[in-house]
Amino acid sequence: QEPPKPVPTTPIVLETLQGDWVNSIGAKIHVSGTEVSLNGMVMKVHPVMLDDDGLVLSVGRIWQMKGWQAEDQIEFKEAPSREVMEFARSVVWTRATEARMQQWTEQMSGLGYSGSSKDVLNRGIEGCMPGSCDAKAKIVAGDDANRDKEELALLNKLINDYRLPGLHAVPPRSVIPDFSNRGHTGLSVEHVHYLATSFKDKGFQRRVGNAGHDIPVLVKQPSQSDLGQKSMDNWRSKVKEEAGFPPVEHYERLFQQSVVYTSLGNGHFNQALNLFFCECKSIYKDEKYTVASDAALREAVYQGVNAIVLRPEITLRERETISRLLNSKREYKWSVAEDGTVDINDADEDTSTCKQFEAMSKVLDAVELNCLVRSELNVKESHRIGQ
């Protein structure tokens with residue numbers, strides 16, 4: 001076996017990226033000039049961005065350039081800006097060769113992308129294409145029941161290790177997404193409005209016992225701490241670029257406080273309630289979100305709902321683990337006692353029928369979730385399509 005070749009040190013310029021690539025989440029990429037295509041679809045709003053010296057900075061607001069990882073391999077960080085890329089997920093581009101494309105085709109076939117699924121541009125669901133929903137995922141060998149038990153035990157331990165005693169009603173206006181949330185992509189504005197529309201049309205349903213909305217899991221974070229600053233900076237940038245969220249002025253008042261609460265679970269829920277607090281306009285209808293006579297909604301908007309609150313000493317990786325497991329174990333209905341004690345180890349698995357939309361909404365990042373909501377609501381015209 002040949003020894004590995006040294007990592008290139010040459011500058012990565014526009015010419016370097018030209019041609020065909022395969023990335024580490026299963027997508028085929030083609031670069032022509034500054035235009036980037038993902039599985040045959042041109043990403044018009046995400047061209048290659050260069051600095052004044054002609055060096056590659058990013059692919060739009062999706063991937064930030066990190067640098068060479070190996071010969072014919074370039075590492076990007078999946079983040080909207082360079083300011084928040086440090087802890088973001090790595091995505092590696094590998095130069096496409098005949099052997100690598102054969103391997104890619106076999107992998108996609110094994111994941112179910114064969115037959116009519118190969119024609120990704122004529123699929124009925126926007127975003128349903130190899131590479132758009134972590135097509136790199138592999139089948140994990142082992143006993144599913146034992147793995148679930150181990151992961152539930154880990155989730156239980158992490159929450160109980162860091163939680164503050166009791167349950168705490170935290171007003172939504174004090175909550176922003178944690179920096180670790182959904183791979184640092186933040187929240188889906190479409191899903192926030194989807195929930196707010198549901199509250200408005202169907203009425204707000206309080207949680208009773210173990211039934212109803214999920215219990216938010218929050219971190220009580222000092223504003224001046226490193227992760228507090230990262231969470232605020234990340235969310236500020238999201239709100240400024242997306243008018244569908246509550247206005248930035250709403251959050252700037254919070255950022256002046258000594259403590260912010262950052263959400264690891266149920267983040268969309270809190271921001272949907274903030275739409276009512278600010279009486280924001282719906283992105284789907286020509287109307288505002290108002291509490292009106294819904295007493296349960298009024299209480300949730302102005303006082304908050306009971307939440308599990310964790311101490312700020314919890315590390316970034318532990319936050320990511322909790323956030324991931326809260327979503328991936330959504331079918332386990334765990335209980336929380338009145339004193340805040342959490343018991344997930346013996347949680348019962350809910351085997352009742354669940355809409356595919358609900359299941360997928362728990363595991364997609366913000367961009368993918370926007371696509372899913374538009375598909376669910378049959379939205380055909382939106383300036384967010386393609387972003």
Scanning for something in a helix (DSSP H, G or I) and under 22 Å from Glu242 (Cβ atoms), does segment 201-216 turn up at least one residue?
-> no
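Conditions (1) surrounded by fewer than 16 Cβ atoms within 10 Å (Cβ to Cβ); (2) part of a loop (DSSP other than H, G, I, E, B); (3) at pLDDT 75 or above, marked per residue:
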{"residue": "Tyr251", "(1), (2), (3)": "no, no, yes"}
{"residue": "Ser263", "(1), (2), (3)": "no, no, yes"}
{"residue": "Phe276", "(1), (2), (3)": "no, no, yes"}
{"residue": "Thr290", "(1), (2), (3)": "yes, yes, yes"}
{"residue": "Ile308", "(1), (2), (3)": "no, no, yes"}
{"residue": "Asp339", "(1), (2), (3)": "yes, yes, no"}
{"residue": "Asp343", "(1), (2), (3)": "yes, no, no"}
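Could you look through segment 1-56, keep only residues that are hydrophobic (A, V, I, L, M, F, W, C) and in contact with a helix residue (DSSP H, G or I) (Cβ under 7 Å, 6 or more places away or on another chain), and pick out the one that is nearest to Ala70 (Cα to Cα)?
Our first condition is that a residue be hydrophobic (A, V, I, L, M, F, W, C); within segment 1-56, this holds for 7, 12-14, 17, 21-22, 25, 27, 29, 31, 36, 38, 41-43, 45, 48-50, 55-56.
Keeping just the survivors that are in contact with a helix residue (DSSP H, G or I) (Cβ under 7 Å, 6 or more places away or on another chain) gives 22, 31, 41, 48, 50, 56.
Working: Val22: 14, Val31: 19, Met41: 27, Val48: 21, Leu50: 22, Val56: 17 Å.
Top of the filtered list is Val22.
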Complete set of residues in segment 180-222 that are more than 24 Å from Val291 (Cα to Cα), surrounded by fewer than 22 Cβ atoms within 10 Å (Cβ to Cβ) and at pLDDT 90 or above | Lys220, Pro222
Given the conditions (1) modelled with pLDDT of 95 or more; (2) within 19 Å of the chain's Cα centre (by Cα), every one holds for Phe269 apart from (1)
Mind checking which residues of segment 11-38 are within 15 Å of Trp93 (Cα to Cα), in a loop (DSSP other than H, G, I, E, B) and not β-branched (Val, Ile, Thr)?
-> Gln18, Ser24, Gly26, Ala27
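The values are calculated or read from the model by the stated rules, or taken from the named source; none is laboratory data. If you're wondering where the values come from, they're calculated on a predicted model, not measured in any experiment. Here the Cβ is made from the backbone with ideal geometry for all residues, glycine too, and neighbour counts use every protein chain on show.
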